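Structure, as structure tokens:
What follows draws every value from the coordinates through simple rules; no lab data is involved. Bear in mind the structure is a predicted one, so any value in this text is a computation, not a measurement. Cβ placement follows ideal geometry from the backbone for every residue including glycine, while neighbour counts extend to all protein chains displayed.
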Ligand code: APR
């Protein structure tokens, strides 16, 4: 997928692309999962369909995950070698710690990528679909958290793809890049 926008953050390259995350050929794609980690609709459904039944079989061994946490599996039939299943917060007005829980999803996904020596990682816009997180606010948190984490751990993950399924999500991520002075 041709990036809509590319920027550098430290030694890492950050791309915004518009498209289907299941097509990304990266070390890991991040799934916007629920606490059971046993699949669902949206990007969760697309990733499980693309990976095939072995993904669910491995997810069954994980014992779920808390909101804000993430767990890693293989990618099976996907081009991505791994899937990092992150559980985003359900938006409930912004006074229940949703911002911190969303940031935690990005932080935990990066921590797992670093732990597994993965160098390329694709993110969907976690929580901005069924979980109703305001997409502009989510994009600021996504880009800001990733840039801060990469600055704290330079030379680890070298390629981040923000994979946006709609133009408005891509625009929010582009605006976040601009606000952070990345481009
Ligand atoms: N590739 C990239 N992004 C996608 C794709 C895809 N194939 N399909 C959907 N998206 C986008 C949506 O447009 C939205 O911007 O992913 C973002 C997250 O939307 P959801 O998939 O609805 O995830 P979320 O809002 O985090 O809700 C998670 O929904 O599917 C269930 O099991 C999941 O219970 C969990 C909840």
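Per-structure values
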{"read-out": "Antiparallel bridge percentage (DSSP; both residues within segment 7-89; nearest 5)", "value": "55 percent"}
{"read-out": "Length added when fully stretched, residue 159-residue 100, from 0.36 nm per residue minus Cα-Cα", "value": "18.9 nm"}
{"read-out": "Per-bin percent of Cα-Cα distances, segment 81-183 [10 Å]", "value": "15, 50, 32, 3"}
{"read-out": "Distance from segment 116-183 to segment 43-74 (C-alpha centre basis), Å", "value": "21 Å"}
{"read-out": "Relative contact order %, the chain, counting alpha carbon pairs below 8 Å whose residues are six or more apart", "value": "29 percent"}
{"read-out": "Separation in nanometres of the label points that stand 7 Å from Cα toward Cβ, at residue 25 and residue 49", "value": "2.3 nm"}
{"read-out": "Whether the chain is rounded, prolate or oblate, judged on the alpha carbon gyration tensor where a/c under 1.5 counts as rounded", "value": "rounded"}
{"read-out": "Compactness of segment 17-106 - radius of gyration and Dmax, Cα, Å", "value": "12.9, 40"}
{"read-out": "Radius of gyration, Dmax [segment 85-135; alpha carbons; angstrom]", "value": "11.9, 37"}
{"read-out": "Protection proxy ranking, peptides 76-85, 1-10, average beta carbon neighbours within 10 Å, highest first", "value": "76-85, 1-10"}
{"read-out": "Structure-based [θ]222 nm, the chain - -39500 (n - 2.57) summed over DSSP H runs of at least 4, per residue, nearest 500", "value": "-11500 deg cm²/dmol"}
